[in-house]
Amino acid sequence: MAFNDSLREMFAMIELEMRRLKHDRTEIYTRAVQPILWLAVYGTVMSHVRDIPTNGIPYIDYITPGVLLQSTIFVSVFYGLTIVWERETGILKRLLVAPASRYATVIGRAIASGVRAVVQALIIFPVAILLGVKFIANPIYILAAFIMLFMVSGGFAALSIFVASLMKTRERFMGIGQAMIMPLFFASNALYPITLMPPFLQSIAVLNPLTYAVDAVRGLMISGDVANVPVDFMAVIAFDVVIFIVASISFRKIIE
Amino acid sequence: MASAIDIRQLTKVYDGKVNALDGVDLTVKAASIFALLGPNGSGKTTLMRILTTQIHPTMGLARAFRYDVDKDDDKVRKIIGYVPQEMSVWTDITGFENLLIYAKIYGVSSLQRKKAIWDALQNMGLEDVANGPVKKYSGGMIRRLEIACALLIKPKILFLDEPTLGLDPSARKAVWENLRSFKKEYGTTVFFNTHYMDEADLYSDEVAIINQGKIVKTGTASELKRSLHGEIISFCLANNGTDSMHPSTAPLRQDLNILTKIRALNFVNDATVHDSVMDVAVENGEIAMPLIIDVLRSEGISLQWIRSTRPTLDDVFLKYAGMRHMQDQSGYHYGI
């Protein structure tokens, strides 16, 4: 019944994350400040520059999916810090002595981070509406967009756990995390279409899971052009599967 | 009596060169409290990590109630509780929630969950603070909460790595009193690592000393103490009428002479002198003391004071796990 044990641990990890969130909501609010500034300040200013081809979409609307995803993915990319902290304390040792498999800890944690990301996005979403961003009023599209957001955040959390299992200390982890963040954001279609990039950056953007997530969320929430959405979902699912496997395998290294 | 833990020739080599464990043999009786003592780096944490299925042994066999900790690790995990040395609860949620998460991880059914949690809280005397955030707990309360998490599933073996490290004496006492009453109620085997000799002495049924990856001594605390020597009687020799502070050769020769005489006495195991204090190792101080005093008197030596010390577990530990260190520091040479 190892599978049941693992499933239970996954749910327990999600519940843990929710309970933490319930006790301290400050983080969710403070983390919403930066994306709101991106929309309100950067978006407003840049919308006067009419050189960015957005297919007739107002620039603030155009960058909203990217900013939404960026704010949740940043949280996921640093999720590994929690794991590093739990390694420094005895929590991880203790979880590894529990009956669940090791992959349950990794996947449970990654899913928990995905759930946290959805909560984060739910705070920014109404602010974007207040800023005048026009979302497509189709509940199924909105739901699909949130599922995409959940999946890609979970994947990046797993990536972060993978990095944590190699880096092991806070300082080294922070270094890698910081180095990942900016290229991740700028080498994607979050702020401008890929076609504007130099070829080298374009090839990175094509490998960047964030590009597919932004494309899907933009199609579902803003432009209504959903032709690429199935491909986007497939790309993100492939990313999730690979990174879950890699992180689970590498996780045993963390306590050695 | 059945054994809870059986270890045969257990070896752990790190990176192909460091022998953390070097052929450990050990048996722990079921429903006993077992203390593993050892200096830093002696292998005691490695041993506990193998027994709790965290790392694999290089060679040898270890069983917890007939389950091989290496091959049947998933079965072993269901019957053991473990409290690592470092803090191991989430501090940003309440004590109750910590137990709730562990209850779910361990699959305590929803019907029994509440009762199991309150039982564990009660066992550790935490009912009153259960709904407070853990970050407001004291060190002793956190440790008791960690043990409560491990007790949730009523484990057959409870592993504690330095359970009272950094706690004040009253918190230590509280931890142990709660543990003992739990053990009495459920017959749990308790296996713990410690640096605190008094704790091993007071609370354990059996003790093993590990040094450089090998078990060097096992037995009950009193057996180990008896194995050293009966008692040490220290005599402070007065400077006996001679005016000089410490004349060069004569007293030395005199000392040697006295030592030989004292060593020759019945009931005396050994005698040494340093800084005008003579330590005599004896089996039974009450009988030996008058005889020694007679010898000293006959040599015309008067005494400033006499002190008798029975061996403590510290002495046992120092002998088996830190002899060289002790000699360097104090110059004692118990001639055993």
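What to note about this one:
- Residues within the stretch B:133-145 that are away from every other protein chain (no Cβ under 14 Å) and charged (D, E, K, R), tallied: 1
- Residues in the stretch B:312-322 that are at pLDDT below 80 and outside any helix (DSSP H, G or I): B:G322 alone.
- B:K154 closer than 26 Å to B:K44 by Cβ, surrounded by fewer than 21 Cβ atoms within 10 Å (Cβ to Cβ), in contact with a Phe, Trp or Tyr (Cβ under 8 Å, 6 or more places away or on another chain) and within 14 Å of chain A (Cβ to nearest Cβ): no
- Residue match in the stretch B:166-187 (condition: touching a Phe, Trp or Tyr at 6+ places or on another chain (Cβ under 6 Å), within 14 Å of another protein chain (Cβ to nearest Cβ) and in contact (Cβ under 8 Å) with a residue 24 or more places away in the chain): no
- Just one of the numbered conditions (1) in contact with a strand residue (DSSP E or B) (Cβ under 9 Å, 6 or more places away or on another chain); (2) free of Cβ contacts under 8 Å to residues at least 12 places away in the same chain is not true of B:N40: (1).
- Tally, over the stretch A:12-30, of residues that are in contact (Cβ under 8 Å) with a residue 12 or more places away in the chain and buried (at least 17 other Cβ atoms within 10 Å of the Cβ): 6
- The set of residues in the stretch B:96-113 that are among the aliphatic types (A, V, I, L, M) and more than 7 Å from every other protein chain (Cβ to nearest Cβ) comprises B:L99, B:L100, B:A103, B:V108, B:L111.
- Filtered residue count, the stretch B:118-128, keeping only those that are free of Cβ contacts under 8 Å to residues at least 40 places away in the same chain and assigned to a helix (DSSP H, G or I): 7
- Filter result for A:I124 (in contact (Cβ under 8 Å) with a residue 24 or more places away in the chain, over 27 Å from A:G43 (Cβ atoms) and buried (at least 19 other Cβ atoms within 10 Å of the Cβ)): no
- Only one of B:A148, B:A120, B:A116 that is within 14 Å of chain A (Cβ to nearest Cβ), surrounded by 19 or more Cβ atoms within 10 Å (Cβ to Cβ) and touching a Leu at 6+ places or on another chain (Cβ under 7 Å): B:A148
- For the stretch B:283-300, taking the residues that are modelled with pLDDT of 85 or more and in contact with a strand residue (DSSP E or B) (Cβ under 7 Å, 6 or more places away or on another chain), the one that is nearest to B:A238 (Cα to Cα) is identified as B:L296.
- Taking the stretch B:73-84 as the range and being surrounded by fewer than 20 Cβ atoms within 10 Å (Cβ to Cβ) and more than 8 Å from chain A (Cβ to nearest Cβ) as the test, the residues that pass are B:D73, B:K75, B:I79.
- In the set (1) at pLDDT 90 or above; (2) exposed (fewer than 15 other Cβ atoms within 10 Å of the Cβ); (3) under 22 Å from B:D198 (Cα atoms), B:G41 fails one condition alone, (1).
- Total residues in the stretch B:129-180 satisfying the condition of being assigned to a helix (DSSP H, G or I), of a type in the set (A, V, I, L, M) and closer than 23 Å to B:T52 by Cα: the figure is 8.
- When the residues of the stretch A:76-117 are filtered to those that are among the small types (G, A, S) and over 16 Å from the mean Cα position of the chain (by Cα), the one that is farthest from B:Q54 (Cα to Cα) is A:A104.
- The stretch A:166-256 holds helices (runs of 4 or more DSSP H) entirely within its bounds, and those carrying 3 or more residues that are of a type in the set (D, E, K, R) and at negative phi map to A:170-186.
- So A:A247, is it over 27 Å from A:F125 (Cβ atoms), buried (at least 22 other Cβ atoms within 10 Å of the Cβ) and not acidic (D, E): yes
- Within the stretch A:5-18, being more than 7 Å from chain B (Cβ to nearest Cβ) and among the aliphatic types (A, V, I, L, M) holds for A:L7, A:M10, A:M13, A:I14, A:M18.
- Qualifying residue in the stretch B:64-72 (condition: out of contact with any His (no Cβ under 8 Å at 6 or more places or on another chain), within 7 Å of another protein chain (Cβ to nearest Cβ) and either without any contact (Cβ under 8 Å) to a residue 12 or more places away in the chain or among the aliphatic types (A, V, I, L, M) (or both)): no
- Some residue of the stretch B:85-95 being over 27 Å from A:V84 (Cβ atoms), within 14 Å of chain A (Cβ to nearest Cβ) and buried (at least 23 other Cβ atoms within 10 Å of the Cβ): no
- Taking the stretch A:19-124 and the helices (runs of 4 or more DSSP H) fully enclosed by it, the elements with 2 or more residues that are away from chain B (no Cβ under 13 Å) and under 30 Å from B:L152 (Cβ atoms) are at A:80-88.
The values are calculated or read from the model by the stated rules, or taken from the named source; none is laboratory data. All of these numbers come straight from a predicted model, not from anything done at the bench. Note that we place each Cβ from the backbone using ideal geometry, even for glycine, and neighbour counts take in every protein chain shown.
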